[in-house]
Amino acid sequence: MRLHRTLRSLTDRFPARSRLLWLSEASTRIGTTLDLDRTARELAEFTVPRLADAAAVDLLESVLLGQEGERMSGPDAPVTRALAVAAVDGLARRLEPDPVGAISYHPHSVASVHCLVAREPVLIARMGPDDYERVAVTASGAARMRETGVHSYMAVPLIARGVLLGVADFMRLGTRPPFTRADVALVMQLAHRAAVFIDNARLYGREREHVVALQRSLLPRGTPTTPGLRVSACYTPTADVSGVGGDWYDVMALPGGRTALVVGDVMGHGLPAAATMGRLRTVARTLMALDTAPERVLARVDMAARDLEDDQVATCLCAVFDPATASYTLASAGHPPPLLVTADGEASYVGVPVGAPLGAGVIPYDSVRLPAPAGSRLVLYTDGLVKTRTEDVDAQLEGLRRAAAGLAAPDLESCGLVTRTAGHEIRFDEAVLVVATSRPPRPEADLSVWTLAQGEEPAATARRLVREQLGRWRLSEHSDVMELVVSELVGNALRYGGGPGELRLMRHDRLTVEVSDTGPDLPQIQHASLSDEGGRGLQLINMLCRRWGAVRTPAGKIVWAEHDIPAAPETSP
């Protein structure tokens, strides 16, 4: 008798020990990543076939949208989305589970909906003739369950930290014994553990979306169209939230048809890096509107970066394209070198003098001039595009060069390098890519450049040149305004800038006229009294033109003004 009691005691303890081992194994096989879909799939696959012949995991749509669960009230059933389905070989094809990724609107009569609303498990140990309609959503689904021999069903809610996330349901068929209350208790323990993993993935995904949304909101919404240059840009976040936050780019239209390209990378990740990135981009954008020399812009951004309270540094590459000379002026603050791809597909790195990162406090920066033949493409990027955990920097850069040389021009200009570089499938750092393609001049150039000789009447010469060019562009109706504007600009250059140097007239979205000189001071509108003989030139320009401004150059400054014109039809390069 004593031996019989001992054997029965051991038999009773063995299932309990097996269940503990099973739950312990679940902790290592579920939640291996912070990917929500994969975590749900791991839960379903872990229970098949050891617990059930078929399993499905559905989450509330409100949870997937970042909300804190859903209050079950009113006549409408909760909206769910199927995230995972697992079944023994061939069974999934014979049943009618909700397709993975599909949104489900199930009535309250369905057992899984009752599980959600009541937040309690549902057990149908032995399914009767009327129970199939309670489990299946459609009549055909109920018929298939009968045909395949499904005879037992249970559903458990997924609840973590008091938040209802969704439901997991299970089926048995054939000769397997039906589910019991002991199975329900076991699966409830499993559901509690799995729900925590699912909730962690949900919270992680929501944080990542917030950081990526902030990052994207701080980046340009589009790239402006500028003469002589076609620019495409893209930002690629990493799947890891800790790798998001510090990369940025900017494309700015500058006076005289020039274009500024800026790419930067804050040395850090997360929200602090994103905030720093936004400040530095704003500072750089403001300074580029006041100075066309990239080396001087980087020097001033460096001083601004040193004033930031978070004490972060950043790398940055700045390039200014001038369509009049078809060339770039580049300066670098510790950034990876740009890549130049010729029209024939040859790729090589540009030797830009590398200065210290922004915020390090080591200046000055040096610039380099780079010719940009028609059809060539300048590639600017951040190190996340090429960074891997197994290769050194030289190998990464060589891989990028080969990838760029092997791409057709349309693929390169559409940011195809993002998916062609090494390690793109397991990228652990965000990446920015900017591709600038220099376009050949149009048959009738949209940019005219003249040098105003000092010995002549520069104002009269400027008026004549502007009037003749507007006639060739069939814009003579704007001659009166533009002649008056250019006269004032040349007069200011004679009075305050040591004489005018270069005159530019550009036709793009608007008419833009600019006059350069060697004077150091940027002009400002002054208050002129009734007795003053001068001081009203800029006031007149301000009233006649859409906008005006002044920007420094390596040789002095440029004063420019824009005037609205009717939109011209697009002409392919």
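The values are calculated or read from the model by the stated rules, or taken from the named source; none is laboratory data. Small disclaimer: the values here were computed from a predicted structure and weren't measured. Every residue, glycine among them, receives a Cβ derived from its backbone with ideal geometry; neighbour counts consider all protein chains shown. These area figures cover heavy atoms from the full protein model, side chains too; ligands, DNA and RNA do not enter into them. Shrake-Rupley method; radii C 1.70, N 1.55, O 1.52, S 1.80 Å.
So which of 539, 524 ends up being surrounded by fewer than 15 Cβ atoms within 10 Å (Cβ to Cβ), in a helix (DSSP H, G or I) and modelled with pLDDT under 90?
Details: 524 fails: in a helix (DSSP H, G or I).
The unique qualifying residue is 539.
Determine whether residue 156 is touching a residue at least 40 places away in the same chain (Cβ under 8 Å), in a strand (DSSP E or B) and either among the aliphatic types (A, V, I, L, M) or farther than 17 Å from residue 54 by Cβ (or both). Spell out the reasoning first.
Working: touching a residue at least 40 places away in the same chain (Cβ under 8 Å): yes; in a strand (DSSP E or B): yes; either among the aliphatic types (A, V, I, L, M) or farther than 17 Å from residue 54 by Cβ (or both): yes.
So residue 156 fits the description; yes.
Every residue, every condition in (1) more than 24 Å from residue 272 (Cα to Cα); (2) acidic (Asp, Glu); (3) in a strand (DSSP E or B), yes or no:
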{"site": "315", "(1), (2), (3)": "no, no, yes"}
{"site": "375", "(1), (2), (3)": "yes, no, no"}
{"site": "379", "(1), (2), (3)": "yes, no, yes"}
{"site": "390", "(1), (2), (3)": "yes, no, no"}
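The conditions are (1) part of a helix (DSSP H, G or I); (2) modelled with pLDDT under 90; (3) surrounded by fewer than 19 Cβ atoms within 10 Å (Cβ to Cβ), and residue 361 fails exactly one of them. Which is it?
Failing condition for residue 361: (1).
Could you say whether any residue in the range 134-151 is under 21 Å from residue 40 (Cβ atoms), surrounded by fewer than 16 Cβ atoms within 10 Å (Cβ to Cβ) and not β-branched (Val, Ile, Thr)?
Looking through the range 134-151, none of the residues is under 21 Å from residue 40 (Cβ atoms), surrounded by fewer than 16 Cβ atoms within 10 Å (Cβ to Cβ) and not β-branched (Val, Ile, Thr).
Within the range 317-350, how many residues are assigned to a loop (DSSP other than H, G, I, E, B), more than 25 Å from residue 246 (Cα to Cα) and touching a residue at least 12 places away in the same chain (Cβ under 8 Å)? Walk me through how you get there before you give the answer.
Step one: of the range 317-350, the residues assigned to a loop (DSSP other than H, G, I, E, B) are 323-326, 335-338, 342-346, 350.
Filter once more, so that each one left must be more than 25 Å from residue 246 (Cα to Cα): 323-326, 342-346.
Then drop every residue that is not touching a residue at least 12 places away in the same chain (Cβ under 8 Å), which leaves 323-324, 326, 342-343, 345-346.
Total satisfying the criteria: 7.
Hey, could you check the range 292-316 for residues that are open to solvent by less than 10 Å² (accessible area, probe 1.4 Å) and either touching a helix residue (DSSP H, G or I) at 6+ places or on another chain (Cβ under 9 Å) or basic (Lys, Arg) (or both) and say which is farthest from residue 549 (Cα to Cα)?
314
Condition check: open to solvent by 60 Å² or more (accessible area, probe 1.4 Å), closer than 24 Å to residue 180 by Cα, out of contact with any helix residue (DSSP H, G or I) (no Cβ under 6 Å at 6 or more places or on another chain) and assigned to a loop (DSSP other than H, G, I, E, B). Does residue 99 satisfy that? Talk me through it step by step, then tell me what you get.
Details: open to solvent by 60 Å² or more (accessible area, probe 1.4 Å): yes; closer than 24 Å to residue 180 by Cα: no; out of contact with any helix residue (DSSP H, G or I) (no Cβ under 6 Å at 6 or more places or on another chain): yes; assigned to a loop (DSSP other than H, G, I, E, B): yes.
Criteria not met by residue 99.
Quick check, is residue 349 open to solvent by less than 50 Å² (accessible area, probe 1.4 Å) and of a type in the set (Phe, Trp, Tyr)?
Numbers: open to solvent by less than 50 Å² (accessible area, probe 1.4 Å): no; of a type in the set (Phe, Trp, Tyr): yes.
Answer is no for this residue.
I need the full set of residues from the range 379-406 which are closer than 25 Å to residue 229 by Cβ, open to solvent by 20 Å² or more (accessible area, probe 1.4 Å) and of a type in the set (Val, Ile, Thr), in order please.
Correct list: empty.
Give all pairs with beta carbons closer than 6 Å in which a residue from the range 446-464 that is closer than 18 Å to residue 560 by Cα and without any contact (Cβ under 8 Å) to a residue 60 or more places away in the chain meets a residue that is crowded, with 17+ Cβ neighbours inside 10 Å and among the charged types (D, E, K, R); count only pairs at least 6 apart in sequence or on separate chains.
Close Cβ pairs satisfying both conditions: 451/502; 463/483.
Could you say whether any residue in the range 401-412 is of a type outside the set (A, V, I, L, M) and under 23 Å from residue 248 (Cβ atoms)? Outline the logic, then answer.
First pass over the range 401-412, keeping only residues of a type outside the set (A, V, I, L, M): 401-402, 406, 410-411.
Of the ones still in play, those that are also under 23 Å from residue 248 (Cβ atoms) are none.
No, that holds for no residue.
Among 281, 296, which is the only one that is within 18 Å of the chain's Cα centre (by Cα), basic (Lys, Arg) and part of a helix (DSSP H, G or I)? Show your work before the answer.
Details: 296 fails: within 18 Å of the chain's Cα centre (by Cα).
Criteria check complete, one pass: 281.
Between a first residue in the range 510-539 that is on the phi > 0 side of the Ramachandran plot and a second residue that is of a type in the set (A, V, I, L, M, F, W, C) and modelled with pLDDT of 65 or more, which pairs have beta carbons less than 9 Å apart while being 6 or more apart in sequence or on different chains?
Going by the 9 Å Cβ cut-off, the qualifying pairs are 535/525.
Within the set of pairs 6+ apart or on separate chains, which have a first residue in the range 385-414 that is in contact (Cβ under 8 Å) with a residue 24 or more places away in the chain, a second that is among the polar types (S, T, N, Q) and not in a helix (DSSP H, G or I), and C-beta atoms under 6 Å apart?
That search, which allows pairs on different chains as well, returns 385/421; 386/421; 400/421; 413/232; 413/437.
Just to check your reading of the model, which residue among 164, 173 is open to solvent by less than 40 Å² (accessible area, probe 1.4 Å) and under 44 Å from the mean Cα position of the chain (by Cα)? First the steps, then the outcome.
Details: 173 fails: under 44 Å from the mean Cα position of the chain (by Cα).
Every option except 164 fails the conditions.
Here is a list: 262, 301. Which entry is assigned to a strand (DSSP E or B), hydrophobic (A, V, I, L, M, F, W, C) and free of Cβ contacts under 8 Å to residues at least 60 places away in the same chain?
Numbers: 301 fails: assigned to a strand (DSSP E or B).
Result: 262 is the single residue among 262, 301 that is assigned to a strand (DSSP E or B), hydrophobic (A, V, I, L, M, F, W, C) and free of Cβ contacts under 8 Å to residues at least 60 places away in the same chain.
In contact (Cβ under 8 Å) with a residue 40 or more places away in the chain, small (Gly, Ala, Ser) and open to solvent by less than 20 Å² (accessible area, probe 1.4 Å): does that describe residue 195?
Details: in contact (Cβ under 8 Å) with a residue 40 or more places away in the chain: no; small (Gly, Ala, Ser): yes; open to solvent by less than 20 Å² (accessible area, probe 1.4 Å): yes.
Spelling it out, it is not the case that residue 195 is in contact (Cβ under 8 Å) with a residue 40 or more places away in the chain, small (Gly, Ala, Ser) and open to solvent by less than 20 Å² (accessible area, probe 1.4 Å).
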